[in-house]
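Trainee: Below is a structure I'd like to ask you about.
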Amino acid sequence: MMNARRGWLALLIAVMLVTAACGSRVDAPDGTASGGGSNAAAADSNAEPSATQPAGDSATAPAQGDATPENNGGATDVGVTADNIKIGIQADITGARPGLFKTALEGLDAYVAYVNANGGVNGRTLEVVPYDTKLNGDEVRRTAKEACDSVFALVGSMGIQDSDGAATIEECGIPDIMATALTQERQEVSTSYSPLPQAPGLWSTGPGAYLKTQFPDAIAHAAMITVDQASPKLNAAKLVDAYQQEGFEFVYQGKTNVIQIDFTKLILDMKDKGVRYVMMIADNSQMADLLKAMNTQDFHPDVIEFMPQAYSQSFVDLGGDAVEGSYVWANFALLGESDVNPEMALYQEWLTKTHPEATPDIFGVYAWGAGMMFVEALRNSGPEATRDGLLTSLSEDFIDWDANGLMGLSSPSTHTPSRCFALMQVRDGKFVRVFPEEPGTFECELGGLREVNPDL
Amino acid sequence: MDVKEILQLVVIGVAMGSAYAIAASGLVVTYTTSGIFNFAHGAIGMLSSFLYWQLTVQDGWPVWLSVIVVVLGFGPAVGAIIEFGIVRGLRGSSLATRIVVTIALMVFAMGLATNIWQGQSASLPGFFPDADPVRFLDVALSVHQVIVIVCALTVAVGLRFFLFRTRVGTAMRAVVDSPATASLNGIKPDVVSQLSWAIGAGLAALAGVLIGPMLQLEAFALTFLVINAYAAAVVGRLRSLPMTFVGAVGLGLFINLVPYVVEHIGFLSSALDGWRYQPALPAVFLFIVLMLIKDSSLRGARPTRARTMRVPTFTESVLGSAGVIAFTIVVAQFLSNDTLNRLQLGFGVGVVGLSLVLLTGYGGQVSLGQMGFAGVGAFAMLKFGGASGNPLGLLAAFALAAPVGALVAIPALRVRGLYLALTTMAFAQFMDETVFRHEGVFGSTSNALGRLSIFGVSTDGDKAYLVTVVTVLCLLSIGVLALRRSRYGRVLTGMRDSELASATLGIDPRAVKLVTFALSAGIAGVGGALMAMANEGAAAEQFALVQSLPVLLIVVVGGVGMVTSAFSGGLALGLMSIVGKQVDISNLDLLLTGVAAVGLSRSPEGWGVGLADQVTRIVPTSRRFAFLPGRPAPQPEPVDEVTPADVTRPSGVRAGGLV
């Protein structure tokens, strides 16, 4: 009997482990990216942003530099040899939500493959060292420590718990070019930069300013819903503060739990307060659930506005008909406009080459942009690759920078956000450009950078 | 207050509660008919949700066919396999073992789901998603929600009828009370037990199919939602299905009405401003219910097979500790910083596990809330140790956590066994969701913390800190063993074996429980401080409820009555973390806990007991350490002897426990 039971158990375990190894894949999920706070105030920038920013003229030639392995100085810093530079990327790949920011790793892989295919930088090829942070603060801190000792720089990182690496990175001074920082603590690290920077005390109001022109009455009845977690709440508070300066009146501000099975009370409250303009900061699944619940409760506000993390086909798939009519803005080139944006075309081309099954998305674009910043700064710093040289270039050379048209104009060196955006609306299950109408362009005049309290 | 608004909240609460009722019903069926509280119940539902999604959304099967396959096929099959392969081996085992095995299954299922269905941007469609909702008091209930309510009522009434009005149902209940008597009446206990688990798991699958559309399809969220339903099951005293339904609706009402009341009462609103209390409401409800019910003896309580192990002498414990520390010093020289750090964390958790050796192993009190106390200790270290690593912080960790343990023990005095375990779980959930996340405690980020600096000697380096953690674990182990050998220890184990007998001997079990909880919490607090220093920062996530579950697991697997389980468990956690980094399998540590569950079912006392037996066969006790000069051969210690002094002393064990 005992032997028979052991046999069954062995079979059960074997089946389960084999099944686990085979796996069944779904589309990469979307996480919560703060994404906001982007816009350059004219006062801080030497050049005035144009009303519409056109796409770059041609794809960036990869930065090669003139040096060779024989004369580039050799092993000039941590993670550097005469022919190779190791760069690390921290991303939530496995853990409680597998695949959360896997596309960031894929985006960086694609850019590195592109650079290496064109000769690398100053005689050195780039090598990506992935650090899976598993949505775990301990792993973020631990891998940051490991990165400090073994790679030249961190590039393209994204993690829900990215704040847990802040102290370690600050202490060791490793350059940290993030895809985007999700917490203020990580934004404030002195060696952290981002192709679409965020400033704790600034927030963009461009999208709201445009929608105000279209729905002037609705903005007097606005609502903000956010998941009850520190980072989303902070971002929500800043957004509310900034939009109030734009003339919005928030008649309702609500919170949801991380695990929320019913939104009825929240919706009834919004109906009761006469809400006509809804914004939400949460993960895509919860935002989709809220929209479906709003449909059930027959609550149809004039405007539903989402931040860039909703710019994902999976969000549309999750919400179905309930997502129709929602507005989503992006501060980077639209994924469907690769025909008019050479850099977007390049990203998608090399993503297909390196990860044929991958889907282009916002996190991949951010990571590609982080890769571009790194390579440009590396070339600028000269053949002897040093962390200090890289940091000097990062702090000086990226003023009015737009990743060759891939992103809205911003100044990463001074952590001055972009004020540019493109607004879309979900129509028939697709994201359709609404403003500015011309494909491949951004709007950079409307609204602006509003000062908000960084410690809200 | 608006009456209409309140009535709307009632409608919402009933709808929400019905979802919980379905989840809780299966729990009650399994407990009523097998005596085992299945912590993996939610996980079975979660797997069912994923499978249902796979069949309907990915593979395009008809909904009706998918429901049949999942609810009538997959769910019952999983239940039957679990009963045959694991649960059957747990008969006669301790409550701790039975709890841990089902927790291990839960954790394994989460690991399985995250590997099979990677990525979670998927949602389950509800039934009849395009149908018009049903409106009541301006509240629209989707057809799916109405189906959930109807199913919940049907399940409650139907199961009640089945269990109490049919021969099969009666046989299922009879097997729990006495398998031997039941078999004399022609009932086959194994078959009936398997049927019970099949039905329970089938209900879990039904819950997964019904509740899945209400949440994002994500392993952890779906699994832990069912934890909220435990309160409903407790209202039904784990045996009454109609009362379980009532409890579930009550839970739904509580979750919806409390925020409304708070919002409309000024002083409450001010007092709770800034506190994230809403996610903790299910835990509060559970706690209130546990305090209100009259705890009679639970069904399924039966004599256990727990053995009493020989307790090492003081010399043996000191020499053993010295050996472990020396070994650690040597091995640490060859390990990378990353490995050292993972082992530091593992052994820090080992200290928390040691607290359970005292509380659960010696005292027989099962706790699922030790990480709650560990978090208190980490907070104390943050405040009193700070960036300088002042060792006073470590003392403060003990001193602050111990009274918290005593406070938790006060309401817990009136419950025992499974109810006590659930009470401690409610405490841990409350601390996790509300207290630790408050800005004044850990807030939203990791708070920087320096490692211990002892008389000017810093333990900041990873090698030095690993040795420090292991040393503290050894010192505490020596202390725990000394307690075990003392009169207090004998009183404790005597109470574990029979509280009633101990009371007749004049021992006040309440005082003993209080002291034990306090000491255990203090040790867990030290563990929390060590964990936080390993991370060089304290954050709420480190002490979440989900972290408490593996602590009990590692101790029970290693042998809950042996301090060596704290060492082996800590080492195992560290090694799993190291291996998990190298192997490309998502959440490998979760999968490996499933192996632990299987192992426990074969060896419910834990592998440590088996190993101790092997060592004793090779080196009999009488010959150990005989090589020491001038040392007579040690005699085996008397086991669990209650001396006349313990009997004649006035009732109560004085605070400090060493009378």
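Trainee: Using Cα positions and a limit of under 24 Å, work out the lysines in reach of A:Lys273, with same-chain residues fewer than 8 apart set aside.
Mentor: A:Lys212, A:Lys233, A:Lys238, A:Lys255, A:Lys265, A:Lys292, B:Lys4
Trainee: Using a 10 Å cut-off on Cβ to Cβ distances, tally the other chain neighbours for every residue of A:139-146 and report the average as a whole number.
Mentor: Partner Cβ neighbours, averaged per residue: 4.
Trainee: Under 10 Å from the Cβ of A:Gly325, count the other residues' Cβ atoms, weight Lys and Arg +1, Asp and Glu -1, and hand me the total.
Mentor: Net charge around A:Gly325: -2.
Trainee: Next question, about the same structure. Pull up the cross-link candidates among the aspartates and glutamates for A:Lys430, meaning alpha carbon to alpha carbon under 15 Å and not fewer than 8 places away within one chain.
Mentor: A:Asp317, A:Asp321, A:Glu324, A:Glu337, A:Asp361
Trainee: If you fit an axis through the alpha-carbon atoms of helix B:95-116 and take the longest principal axis of the Cα set of chain B, what angle between them do you get, 0 to 90°, nearest 10?
Mentor: Its long axis makes an angle of about 60 degrees.
Trainee: What total accessible surface area, summed over both chains, is buried at the interface between chains A and B, computed with a 1.4 Å probe and given in Å² to the nearest 100?
Mentor: Accessible area lost upon association: around 5400 Å².
Trainee: Separation between the A:Asp400 and B:Ala387 pseudo-spin-labels, each 7 Å from Cα along Cα→Cβ, expressed in nm?
Mentor: 4.0 nm
Trainee: Additional query: Under 12 Å from a point 7 Å along the Cα-to-Cβ line of B:Lys4: which residues of region B:104-140 have their amide N that close?
Mentor: Backbone N within reach: B:137-139.
Trainee: So between A:Ala75 and A:Ser190, what do we pick up on full extension, going 0.36 nm a residue minus the alpha carbon distance?
Mentor: The span from A:Ala75 to A:Ser190 would gain 38.9 nm if fully extended.
Trainee: Based on DSSP, what percent of beta bridges with both residues in the protein assembly as shown are antiparallel, to the nearest 5?
Mentor: 45 percent
Trainee: Return one whole number: the accessible area per residue of region A:62-188 in Å², for a 1.4 Å probe.
Mentor: On a per-residue basis, region A:62-188 sits at 28 Å².
Trainee: Helix by helix, which DSSP H runs in chain A go 24 Å or more along their axis at the Cα atoms and have an average Kyte-Doolittle hydropathy of 0.0 or more?
Mentor: Qualifying helices: A:2-22, A:362-380.
Trainee: Using protein chains only (no ligands, no nucleic acids) and a 1.4 Å probe, work out which residues of region A:243-266 have their accessible area cut by at least 40 Å² relative to the chain alone.
Mentor: Flagged in region A:243-266: A:Asn257, A:Ile259, A:Ile261, A:Asp262, A:Lys265.
Trainee: Run the quick spin-label model on B:Asp190 and A:Gln253: label points 7 Å from Cα toward the beta carbon, then report their separation in nm to one decimal.
Mentor: So the label points at B:Asp190 and A:Gln253 sit 6.4 nm apart.
Trainee: Which residues, if any, in region B:1-32 lose at least 50 square angstrom of accessible heavy-atom surface (probe 1.4 Å) when the other protein chains sit next to their chain rather than the chain being alone?
Mentor: For region B:1-32, once contacts with the other chains are taken into account, B:Ile12 lose 50 Å² or more.
Trainee: Shape verdict for region A:96-155, please, from the Cα gyration tensor: rounded (a/c under 1.5), prolate (a/b greater than b/c) or oblate.
Mentor: Taking the square roots of the gyration eigenvalues as a ≥ b ≥ c, region A:96-155 is oblate.
Trainee: Can I ask one more? I need the calculated FRET efficiency for the pair B:Val595 and B:Asp497, taking r as the beta carbon distance and R₀ as 30 Å, to the nearest 0.05.
Mentor: After rounding, the FRET efficiency stands at 0.45.
Trainee: For A:Thr352 and B:Ser183, FRET efficiency with R0 = 56 Å and r from the beta-carbon atoms, rounded to 0.05?
Mentor: 0.30
Trainee: Per residue in region B:268-290, which ones lose no less than 50 Å² of accessible surface when going from chain alone to all protein chains (1.4 Å probe)?
Mentor: B:Arg276
Trainee: Shifting gears a bit: Quick check: the angle from helix B:189-211's long axis to the longest principal axis of chain B, C-alpha only, nearest 10 degrees?
Mentor: 70 degrees
Trainee: Taking 8 Å as the Cα distance limit and 6 or more residues as the minimum spacing, I'd like the relative contact order of region B:121-257 as a percentage.
Mentor: Relative contact order comes out at 24 percent.
Trainee: Can you tell me which lysines have their Cα less than 26 Å from the Cα of B:Lys463? Leave out same-chain residues fewer than eight positions away.
Mentor: Candidates past the 8-residue exclusion: A:Lys134, A:Lys145, B:Lys383, B:Lys581.
Trainee: If I model a spin label as a point 7 Å beyond the Cα along the Cα-Cβ vector, how far apart are those points for B:Leu475 and B:Leu257 in nm?
Mentor: If labels sit at B:Leu475 and B:Leu257, their model points lie 5.2 nm apart.
Trainee: Further question on the same structure: Do the sum for chain B: with -39,500 (n - 2.57) for every DSSP H run of n ≥ 4, divided by all residues, what is the mean residue ellipticity at 222 nm, to the nearest 500 deg cm²/dmol?
Mentor: It lands at -21500 deg cm²/dmol.
Trainee: Would you please calculate the Kirkwood hydrodynamic radius of chain B over all C-alpha pairs and express it in Å, rounded to one decimal?
Mentor: Evaluated on chain B, it is 26.0 Å.
Trainee: Which percent of the accessible area of region B:340-478 is formed by carbon and sulfur heavy atoms (probe 1.4 angstrom)?
Mentor: 69 percent
Trainee: While we're on this one: Let's test the formula: R0 of 25 Å, r as the Cβ-Cβ distance of B:Asp460 and A:Thr392. What FRET efficiency results, to the nearest 0.05?
Mentor: My answer for the efficiency is 0.25.
Trainee: Now a separate question. May I ask you to give the solvent-accessible area per residue for region B:1-130, in square angstrom, as obtained with a 1.4 angstrom probe?
Mentor: Using a 1.4 Å probe on heavy atoms only, each residue of region B:1-130 averages 27 Å².
Trainee: Shape of region A:320-435 from its Cα gyration tensor (a ≥ b ≥ c, root eigenvalues): rounded if a/c is under 1.5, otherwise prolate when a/b > b/c, or oblate?
Mentor: Prolate is the answer for region A:320-435, as a/c is 1.5 or above and a/b outweighs b/c.
Trainee: Answer rounded, prolate or oblate for region A:361-400, using the Cα gyration tensor with square roots of eigenvalues a ≥ b ≥ c: rounded when a/c is under 1.5, else prolate when a/b is larger than b/c, else oblate.
Mentor: Prolate.
Trainee: Then there is this: So how far, in whole Å, is the C-alpha centre of region A:347-390 from the one of region B:54-91?
Mentor: 46 Å
Trainee: Once you average over the residues of B:74-81, how many Cβ atoms of partner chains fall within 10 Å of each Cβ?
Mentor: 1
The values are calculated or read from the model by the stated rules, or taken from the named source; none is laboratory data. In this text the structure is predicted, and so the values were computed from the model without any measurement. Here the Cβ is made from the backbone with ideal geometry for all residues, glycine too, and neighbour counts use every protein chain on show. Quick note on the areas: whole protein, heavy atoms, side chains included, nothing else; ligands and nucleic acids left out. Shrake-Rupley method; radii C 1.70, N 1.55, O 1.52, S 1.80 Å.
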